[in-house]
Amino acid sequence: MSAGKYVARIVEVPDHGIKLEPAESTTVPAEPTEVNLLGMAIALALGAAGYQHHEEQRDPELQTIAALLAGDAVMPWKPAESGSTAYLVCELNDGRPTCEVRATAD
């Protein structure tokens, strides 16, 4: 995985989950392994930040990790606190992305 950063605003979609809005300068991996590793790091960061699975089931044909990273899919996660603005910030270094949820994208 090349060095870079994946940054996205976390947008709550009422009754459905969350959607990521990637920042303009963000890096989205292209290789399937890199996409999956980033997806796992994102899931761990969301869980650590108190996000939980929404009751709505995921449609595996439409709600893929690649579609989530691109900002094209709503995924069944809900925030611990509704209404706050949060950002997902991931460092893409050495094939092991690390992610965290922050109040700002800095």
To the nearest 10 square angstrom, how much accessible area does Val74 have with a 1.4 angstrom probe?
-> 40
With every protein chain kept in the model, how would you rank Glu81, Glu31 by accessible area, 1.4 Å probe, largest at the top?
-> Glu81, Glu31
Tell me, what is the per residue accessible area of the chain in Å², probe radius 1.4 Å?
-> 59
Once you have all Cα-Cα distances for the stretch 1-47, histogram them in 10 Å bins from zero and send the whole-percent values.
-> 24, 53, 22, 2
How much solvent-accessible surface does Met75 expose, in Å² to the nearest 10, with a 1.4 Å probe and all protein chains in place?
-> 20
Tell me, what % of the accessible area of the chain is carbon and sulfur with a 1.4 angstrom probe?
-> 50
Shape call, the stretch 53-104: gyration tensor on alpha carbons, a/c limit 1.5 | oblate
Restrict the search to the stretch 38-67; then list the GluC sites (Glu not before Pro) that DSSP places in a loop and that have at most 11 other Cβ atoms within 10 Å of their Cβ.
-> Glu55, Glu61
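The values are calculated or read from the model by the stated rules, or taken from the named source; none is laboratory data. On a predicted model such as this, the values are computed, not experimentally measured, just so you know. We place every Cβ from the backbone using ideal geometry, glycine too, and count neighbours over all the protein chains shown. The area values use the complete protein model at the heavy-atom level, side chains included, leaving out ligands, DNA and RNA. Shrake-Rupley method; radii C 1.70, N 1.55, O 1.52, S 1.80 Å.
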